[in-house]
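Written below as structure tokens is the structure these notes are about.
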4 protein chains.
Amino acid sequence: MLETDEPRLAGWERRAEWPLTVLAVVFLVAYAWEVLDNRSTPGLHVVLEVVLWAVWLVFAVDYGTRFVLAVDKRRFFVTHLFDLLAVLLPVVRQLRVLRLLTVLKVLNRRFSGKIRHQVGVYVAGVTTLVGLCASLAVLDAERAHPDATITTFGDAAWWTLTTISTVGYGDRYPVTWEGRLVAALLMIGGIALLGVITGTIASWLVERLSGVEGQVVEAEQATVAELRSLKAELAELRAELRAAKG
Amino acid sequence: MLETDEPRLAGWERRAEWPLTVLAVVFLVAYAWEVLDNRSTPGLHVVLEVVLWAVWLVFAVDYGTRFVLAVDKRRFFVTHLFDLLAVLLPVVRQLRVLRLLTVLKVLNRRFSGKIRHQVGVYVAGVTTLVGLCASLAVLDAERAHPDATITTFGDAAWWTLTTISTVGYGDRYPVTWEGRLVAALLMIGGIALLGVITGTIASWLVERLSGVEGQVVEAEQATVAELRSLKAELAELRAELRAAKG
Amino acid sequence: MLETDEPRLAGWERRAEWPLTVLAVVFLVAYAWEVLDNRSTPGLHVVLEVVLWAVWLVFAVDYGTRFVLAVDKRRFFVTHLFDLLAVLLPVVRQLRVLRLLTVLKVLNRRFSGKIRHQVGVYVAGVTTLVGLCASLAVLDAERAHPDATITTFGDAAWWTLTTISTVGYGDRYPVTWEGRLVAALLMIGGIALLGVITGTIASWLVERLSGVEGQVVEAEQATVAELRSLKAELAELRAELRAAKG
Amino acid sequence: MLETDEPRLAGWERRAEWPLTVLAVVFLVAYAWEVLDNRSTPGLHVVLEVVLWAVWLVFAVDYGTRFVLAVDKRRFFVTHLFDLLAVLLPVVRQLRVLRLLTVLKVLNRRFSGKIRHQVGVYVAGVTTLVGLCASLAVLDAERAHPDATITTFGDAAWWTLTTISTVGYGDRYPVTWEGRLVAALLMIGGIALLGVITGTIASWLVERLSGVEGQVVEAEQATVAELRSLKAELAELRAELRAAKG
């Protein structure tokens, strides 16, 4: 979105960037705490739930504000449909793990600009963060089920690893549909990850092994140099003619 | 196929496009209904079966008409062998799931022209449709078997997901050979899907990261500009010579 | 290998091509018969074993003859090490499944020249042939083991499919080390297959989506055309000068 | 690192290359012996442990020496962080399998220069070496656990194969967290391996199938030839003019 089209919206997004990043981190910490410390006292549990819902509310308010500030509301609605779903769907209790999507999006927006040029670091960072969120979410979803095979954070992290690498031993797998929803998102992530890694290696090899393109660039430079010398010679010829005429 | 070669065939295909699309959707809905509502009254079951066979008959008639209208019948036979098999094989009761192939082909032909330029949307759409059909087909094939691990639509959808992503936990897998036929088609689809995603990312990265091609195009444009100025100078020289002569 | 370097070897290979192809097919049929018809009478079993060993002997003699005919024996030995291993290893009873490698190589040499330009047909053909051989070989290796999960050809074909697509449910898997050797070769084949499919799609997309290369070629042609007109103008100028002088 | 920047460091690395390679091989042999021969007498066990720790100590001393010799210590620390971790982490008993990382790095540095231009040989060699180390490490980690499914070297090698190819049947899988750490490293290796293979095939196909680049190079050469003849003609014209003037 160009700043000139939507100056008020762009201004809000610039001012809201830092507070939202902080809130995303707060949300992640509170969510991890709630999931991992399942013997926490009821009081602490209530506090964590309040924090989680409060952060969610801020994200909802942020979406609303951006909608109000947008000049072309229809375009904003269409291009930010994902944002709306990520805010609305977690209202349903069973879909509350989807709150993590908003958090991931905020963190990605904050840091991608800084490290995207280092493809390796970016891919490693995103994979680690997505894997952490998926482990927490699947543990949250599965733990209470009687047939669950994922009951500790170690199991959840191991399951995440076997899934994102598409190895899939099947010693651990989700049995609840919330857990399977997490698995579906993680598999899409795993396929995209494989694609990015393969694609990066392929594009690097294409450039490295071919060498033809370098030849072409050199040949082009030779052509231009040749043309310049031709032009100089022509100019000289013209000067001689003038001298002969004079 | 060029319209000029086969004007009558092309005319028929243009006129038949919309009715066949509608029938394909009708087939999908009836098939899904039959598979999902397995406690339906016998009367409803008969109605759905009649609809399914009627649609199949229309597809068979469509193939026959196209064969009759084709001028070069041998070429039509060879290039439409897949269509013939997709019409003939489902006559065998065990291969009736293959009727879905014709439906998928018709829907693909209808919509691919419109959204193919948005590769992402097209891939997502095809994957969803193929996944839905595979889930219904495997459920239809497996449910009755005593050792089946896929007995609900939820199980079938989950199995489809783990298969198309090549994760393959093995908590659910087909045991009948009809189910394994569906699995084989789905795996081919999964491999192709991975290939398309990886290939798209790779081609995008090759263009993005290399930048060499852009350099080449710029160098070419510089060469042509240089040549034009050279030509102009030469023309001026000629004019001067004429003036000197005159 | 150039014909001019090794005229006698090349002549032998040309004459031996057809007989070896026929023998390879005979071997495959006899091997398939022996594996699938495991209740065959002892007499038939002996006949099939004699056929299999006779074909193997012919392949061994073919290798020996080529070695004798080769002028540069050291180069032949190094570049045909795989052929030697594929002939020698199956002497050990446990490695007899490796005889299929020679057969596959002969069939590949015979047909690859004809259909390699149709990449799709070639990949499909090779995959089917390798899959068939792997199914037979794993069934042969596993069937007799008490813990085997692969005991029928249907199981073996299903296992081959789940392995080559890297899905790997784990409902069927080899337990003998001969079966695991077949699995190892099949996995290498599966990875290469995935690579070829992805690579083909990627290279097709790179060409299709970029379009930059076409631009470059057009620009090049424009440059050459421009240069030719420049040359013509220069020639005319020279003619005018000569006329002025005369 | 350029020799001119860090002459003393480069000199040390050149001199230390051979001894470290020998020590890496010694380490691998001793580690394999300790893992495979688990009924060794206590005396032999002590000897092997001493050898392993001695080699580790030499690697630690090598890191320390290089740090001391480095002129730009900060840059050395940052660019050799992996080396430091590979030396420090194995001090913890549970992470002792990570000592293999240093060994693999030394062997890779020694041989990669020689065979990297033969991509196929290099990939096969690295895969075999990594697979061997992973098999030994996972066997070492798992064997003692009561629920272990990997208890012999055959099992470990088979598990390594199913993991690196991302097939993952799930008939064998690690249950200890040290074993899962090995699995994580192996999966990253498997994904990278797939990427390299696919990328190599893709880059080869892009070059082979396109052929456009060859056309461009030819067109470039035609352009330069055309330019040279133009220049010669211009020089001749100038000579004629001078003659006319004289």
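Where chain C is carried onto chain A by rotation, the Cβ closest to that axis, with its residue and distance in Å, is C:G170, 3. Taking each full run of DSSP H in chain D as one helix, which ones are at least 30 Å long along their axis (Cα atoms) and have mean Kyte-Doolittle hydropathy of at least 1.0? Helices passing the filter in chain D: D:42-69, D:119-142, D:177-210. Multiplying the residue separation of B:W53 and B:T149 by 0.36 nm and removing their Cα-Cα distance gives an extension gain of 31.7 nm. Taking the helices alone, chain B has a mean residue ellipticity at 222 nm of -27500 deg cm²/dmol, built from -39,500 (n - 2.57) per DSSP H run of at least 4 residues and averaged over all its residues.
For B:L44, the point set 7 Å out from Cα toward Cβ sits 5.2, 5.2, 7.3 nm from its twins in the other copies, listed from shortest up.
Based on Cα contacts under 8 Å between residues 6+ apart, chain C shows a relative contact order of 14 percent.
Need one word for the protein assembly as shown: rounded, prolate or oblate. Basis is the Cα gyration tensor (sqrt eigenvalues a ≥ b ≥ c); a/c below 1.5 gives rounded, then a/b vs b/c decides. Judged from the Cα gyration tensor, the protein assembly as shown comes out rounded (a/c under 1.5).
Every number in this text was worked out from the coordinates using simple rules, so none of it is lab data. As the structure is a prediction and not an experimental result, all values here were calculated from the model. As a convention, Cβ positions derive from the backbone with ideal geometry for all residues, glycine included, and neighbour counts pool all protein chains shown.
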